[in-house]
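Accompanying notes for the structure given below.
The values are calculated or read from the model by the stated rules, or taken from the named source; none is laboratory data. Every value quoted in this text rests on a predicted model; they were computed, and no experiment measured them. Don't worry about glycine lacking a Cβ; one is built from the backbone with ideal geometry, like all the others, and counts go over all protein chains shown.
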Amino acid sequence: MDSQLVFRLVGLRYKLLWAQTRTRNGRIALFMVGYASALLVLIAFTAGGYGAAMLAVRSGQAEMVARAVLGALFLNAIVASVVLGFGVNAAFSDAALRRFPLNPIERLAARHLTGILEPMWIIILGLDLGLSTGMYVFGAGGFWLGVVAVLLLVITDYLVARVLASLIEWLSRVRGGTAILGLMLLTVCILPSMLAPRMATAQGFIQRSMLALRFSPPFAAAALVVHPNKSSLIFNLGLMAEWIVFLLAALAMIERAAARPRNVAAAAIVWISGYDRVASIFGPAMAPLVARSLRYYSRSNKVRLNFSIALPVLAFVTLGRPLPGDPRHKFVVSLGAFAVVGFLATATMCTNQFGFDASGFRRYFLLPISPEAILRASSYTAVFVGCLLPPVALLLWLVLAPVPFDWRMAPMLAGSAVGGLLFFNALAIWTSLLAPRRTAFETTFGNQLSFSANVLLIGGILLMLGGATALDQMAGPEIVLQYWWVSIPAVLLAAGLYFFSLRRGAAVFIERRERLLNALEGRN
Amino acid sequence: MTPAIQVFNLTKKYGETTAVEDLSLTVPGGTMFGFLGPNGSGKSTTIGCLTGLLDPTAGEIRILGEPLHDGSVALKRRMGVMPETLGLFDALYAHEFLFFQARMFGLDEATARRRVGELLNAMELGGTGKKRLSEFSAGMRKRVAFAAAVIHTPELLFLDEPFESIDPAGVASIKQWLHGIVAQGRTVFLTTHVLETVERTCSQVAIITPPGKLVWQGDITALDRGGSLAHDGRQFRTLEQLFLHLTGERYAQLDWL
């Protein structure tokens with residue numbers, strides 16, 4: 001294997017990352033601050049892992065604590081990569097690597113080395129190493145064996161994330177795949193919370209679960225970190241190796257299936273006018289622009305994926321949470337989820353409205369329309385598409401939520417959904433105009449949003465969910481329900497902010513169009 | 001006949017960099033006009049300014065007798081543009097893209113559908129109904145961009161590098177259509193690096209050098225009649241000779257090649 005060339009490609013990935021950021025001084029500063037912060041977090045977390053090791057040894061439960069820490073990190077990394085798109089950016093596709101003199105094995109190595117050397121996986125490795133080093137220092141484990149164990153664990157973690165991401169990407173592209181994906185996610189998110197109370201009381205359930213989990217990568221790594229005997233060493237090393245081989249085989253199989261070209265054999269023109277009919281409600285001048293945007297939303301793998309995960313994920317974080325006492329606590333917490341549901345489904349596109357147009361962005365300014373109409377059409381489409389989920393969420397909530405019905409809940413949930421959608425879309429106009437980013441339309445995974453869009457998406461979700469929880473704790477359901485009418489001025493305020501942003505944004509759009517053009521066509 | 005394009009002292013700067021400097025130009029109506037220059041000379045920037053995409057730093061532009069400014073919506077309806085980067089919406093199918101373009105330029109639904117069908121057949125793209133533009137070859141993408149530029153029968157057509165990547169039969173068809181457009185009294189403004197094509201298709205030519213400075217403009221129909229072009233007291237029998245004289249010949253020696 002030409003390892004020199006492979007590592008040169010890894011270096012190139014970082015050079016490209018640097019090239020993207022060095023064009024403006026501010027970006028360089030941001031990059032440096034970002035990496036310094038990551039380093040600080042790495043140090044802090046490593047110390048945290050070290051602390052966990054100290055606690056583990058002192059409590060005499062070294063292996064149990066190691067299992068808990070490694071298991072939690074393992075799962076967190078998967079959530080961060082699969083749900084938020086960190087750590088699964090495919091820097092080089094197999095097709096792109098074919099330009100270089102590399103054989104298939106070298107291409108595979110180059111792709112996955114660039115993948116696993118993403119900052120997120122290095123942070124996870126730092127956390128895991130903190131634990132294993134701590135175990136060694138406090139005499140609960142061997143140093144080199146600990147290092148090998150956490151390295152194998154991070155590789156397994158990365159491969160699990162890759163397999164899941166590839167599987168979801170493949171499913172989101174095949175016919176009916178989105179529905180299967182939605183059902184799978186709904187099952188994964190809802191089922192544990194529904195079954196947990198029954199299983200906890202079932203005889204021997206926890207013991208059986210722990211026995212089964214011994215075969216999982218984090219438990220195998222924990223066993224290796226904490227003084228294994230010879231048979232345990234061989235068993236767990238073998239287990240980790242088997243996991244890696246199995247995951248590599250699964251990944252290869254899914255990638256092969258996904259790489260099959262789409263059947264685009266010669267086909268006559270079929271006029272599908274559904275988009276045009278729907279768009280006609282926005283008036284004749286706006287209709288072609290809205291119909292174009294609707295096609296982009298409906299054909300985007302990212303949007304389709306987010307549509308399928310939005311409801312299950314929000315149901316999981318609200319209804320799936322144990323909230324003892326008054327069942328109406330779940331209602332108050334759900335207000336936060338309703339505020340983000342429509343935005344979460346469309347965020348990848350609406351926070352970067354022109355990012356998927358690439359050179360098509362240029363065409364907008366050659367059209368015989370005012371640039372204001374382009375911004376309006378694009379934003380109206382985002383709001384329209386985002387509006388499709390809240391009615392479904394409301395219906396499901398009213399039918400399925402284990403909360404005694406109160407008529408005031410329906411307008412409050414609806415108000416939260418509409419107000420949240422308008423509020424977030426108002427801010428999304430600004431991220432689209434001020435922090436545009438050229439984005440590949442065909443991809444499903446990888447976080448390609450700008451820093452501002454990420455702040456809006458992640459911060460917005462945390463703010464709404466956290467705000468609703470805080471409201472529940474401070475005021476309680478009864479008082480919240482008494483103020484049901486507040487949802488009306490809240491919606492009006494959000495609408496005011498939205499239309500103000502559209503109006504003011506139109507002027508900024510015209511003023512910044514050359515900068516947007518440069519950014520979206522790949523010139524900085 | 002009103003000049004199709006009049007440019008007075010056009011300057012376009014990007015920060016400290018000057019892309020076009022004090023360019024003045026008149027393009028007569030009803031002509032096929034070749035706008036030539038080496039790479040980076042400011043051709044695309046000039047077209048960007050002439051089509052309303054870019055704001056000039058200084059100068060005045062009149063298109064079809066009317067001043068061009070930010071709100072020239074009616075004027076844009078009379079223009080067709082094929083930009084250098086093509087400006088396609090990659091997630092759409094070819095017929096959807098052309099239909100969008102036709103509707104934006106005011107064609108009614110029935111006319112738009114009829115013209116889309118006719119253009120796709122003429123461009124040999126009739127069987128691409130389920131293929132996204134991102135899946136098209138470079139030549140096919142160029143044909144779609146050309147179709148989008150002409151679908152609304154513009155009075156003034158801007159074509160930035162229209163022939164590159166298109167096969168010879170496609171180029172021949174496009175040239176034939178362009179001659180038809182000019183014969184109807186409409187104007188074509190094109191840039192290309194294929195000077196032989198310019199010699200055969202254009203009647204008027206302007207040559208610019210970096211940063212967007214006009215160094216020659218004139219009638220080249222004399223070449224068709226076996227004549228020559230005069231400049232600096234010298235005679236040039238081909239457009240290529242004149243172009244190289246004006247822009248500088250560059251022959252770098254690479255021993256290892």
field: Residue satisfying all of: in region B:130-154; within 13 Å of chain A (Cβ to nearest Cβ) and not in a helix (DSSP H, G or I); nearest to the chain's Cα centre (by Cα) among these
entry: B:P154
query: What are the residues in region A:403-429 that are of a type in the set (A, V, I, L, M, F, W, C) and surrounded by fewer than 17 Cβ atoms within 10 Å (Cβ to Cβ), if any?
result: A:F405, A:W407, A:A410
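Can you tell me which residue in region B:225-257 is surrounded by the fewest Cβ atoms within 10 Å (Cβ to Cβ), limited to those that are in a helix (DSSP H, G or I) and touching a helix residue (DSSP H, G or I) at 6+ places or on another chain (Cβ under 7 Å)? Before you say what the answer is, go through the steps one by one.
From region B:225-257, those in a helix (DSSP H, G or I) are B:239-247; that's our starting set.
Add one more test, that the residue is touching a helix residue (DSSP H, G or I) at 6+ places or on another chain (Cβ under 7 Å), and what stays is B:239-240, B:243.
Numbers: B:L239: 22, B:E240: 13, B:F243: 22.
Per the stated criteria, the residue is B:E240.
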- request: Could you grab me the full set of residues in region A:369-385 that are among the hydrophobic types (A, V, I, L, M, F, W, C) and more than 14 Å from every other protein chain (Cβ to nearest Cβ)?
  value: A:L375, A:A382, A:V383, A:F384, A:V385
statement: Checked region B:57-75 for anything more than 8 Å from chain A (Cβ to nearest Cβ) and of a type in the set (V, I, T); matches are B:T57, B:I61, B:I63
- prompt: What are the pairs, 6+ residues apart or on separate chains, where a residue within region B:134-160 that is without any contact (Cβ under 8 Å) to a residue 40 or more places away in the chain has its Cβ under 7 Å from a residue that is among the charged types (D, E, K, R)?
  reply: B:G139/B:D167
Filtered residues of region B:46-56 (kept if within 11 Å of chain A (Cβ to nearest Cβ) and either small (G, A, S) or over 21 Å from B:G29 (Cβ atoms) (or both)): B:G48, B:G52, B:L53, B:L54, B:D55
task: Residue by residue through region A:328-368, note down the ones that are away from chain B (no Cβ under 14 Å) and either in contact with a His (Cβ under 9 Å, 6 or more places away or on another chain) or among the charged types (D, E, K, R) (or both).
output: A:R328, A:K330
- request: Give me the pairs, please: first residue somewhere in region B:82-94 and within 11 Å of B:L133 (Cα to Cα), second residue anywhere and among the hydroxyl-bearing types (S, T, Y) and assigned to a helix (DSSP H, G or I), beta-carbon distance under 6 Å, and either six or more positions apart or on two chains.
  value: B:D90/B:S134; B:A91/A:Y296
- prompt: When the residues of region B:18-45 are filtered to those that are touching a residue at least 24 places away in the same chain (Cβ under 8 Å), surrounded by fewer than 19 Cβ atoms within 10 Å (Cβ to Cβ) and assigned to a strand (DSSP E or B), which remaining residue is nearest to the other protein chains (Cβ to nearest Cβ)?
  reply: B:T18
statement: Within region B:76-111, residues being of a type in the set (A, V, I, L, M), more than 8 Å from every other protein chain (Cβ to nearest Cβ) and part of a helix (DSSP H, G or I) number 4
field: Any hit, region A:146-161, residues being modelled with pLDDT of 85 or more and either among the basic types (K, R) or not assigned by TED's automatic domain parsing to the domain that holds A:W18 (or both)
entry: no
- prompt: Among (1) at pLDDT 90 or above; (2) within 14 Å of another protein chain (Cβ to nearest Cβ), which single condition is A:A266 missing?
  reply: (1)
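Would you point out which residue out of B:L75, B:L98 is within 20 Å of the chain's Cα centre (by Cα) and without any contact (Cβ under 8 Å) to a residue 40 or more places away in the chain?
Details: B:L98 fails: without any contact (Cβ under 8 Å) to a residue 40 or more places away in the chain.
Step by step, each of B:L75, B:L98 is checked, and only B:L75 is within 20 Å of the chain's Cα centre (by Cα) and without any contact (Cβ under 8 Å) to a residue 40 or more places away in the chain.
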